Amino acid sequence: MTIPHVPTVSVTDLPAELTEATVLLDVREDDEWGLGHAPGAHHIPIVDVPARLDEIDIDAEVYVVCRQGGRSIIVVEYLNSIGYDAYQVDGGMVAWQGAGLPLASDGDSGPAKIY
C-alpha cells in the first residue's frame, strides 16, 4: 500500500545495516512482534509512538514497517509532520518475509514468521 505523498521504500532497498543514523521502526502490536520481526528493528506499537518519541532519534532516517503498510503510512505522515525524516516500508513485514529476509522471534513461539 502506497500513497503518493508518503515517502516509500521497498524492503529490498532498505539500508544493509541498521545504525544510529538508520532506524527500522516496527509499529505492529506486541503479539505480531513476538511471532516475527526484523533483526535489529525497534518496536513501538502505533498507539505508543507519540508518547515514546524520545526513543526515536530525530536525526536518523526512520524506516517504518507494519504488517502490510496501513499503519506505517499513518506513522510516517505523523513523524514527517513533526520534523523526522521517515519512510514507509512498502508491503511491510509481509513483503519482508516474501523477499526471504531474516526474521527473529521472541520466546517459544516457534520459528519466526509473519503469516
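Annotations for the structure displayed:
- Candidates in the stretch 50-92 are the residues that are of a type in the set (A, V, I, L, M, F, W, C), more than 14 Å from the chain's Cα centre (by Cα) and assigned to a helix (DSSP H, G or I); of these, the one that is surrounded by the most Cβ atoms within 10 Å (Cβ to Cβ) is Leu53.
- The combined condition, being out of contact with any His (no Cβ under 9 Å at 6 or more places or on another chain), more than 15 Å from Gln97 (Cα to Cα), free of Cβ contacts under 8 Å to residues at least 60 places away in the same chain and hydrophobic (A, V, I, L, M, F, W, C), is not fulfilled by Ala41.
- Within the stretch 31-49, the residues that satisfy the criterion of being assigned to a helix (DSSP H, G or I) and in contact with a Ser or Thr (Cβ under 8 Å, 6 or more places away or on another chain) are Gly34, Leu35.
- Residue within the stretch 16-30 that is in contact with a Ser or Thr (Cβ under 9 Å, 6 or more places away or on another chain), surrounded by fewer than 18 Cβ atoms within 10 Å (Cβ to Cβ) and not aromatic (Phe, Trp, Tyr) present: no
Read-outs: derived from the displayed coordinates by stated rules, not from any lab. Worth saying up front: this structure is predicted, and the values here are computed from it rather than measured. Cβ sites come from the backbone with ideal geometry, for glycine too, and all protein chains shown count toward neighbours.
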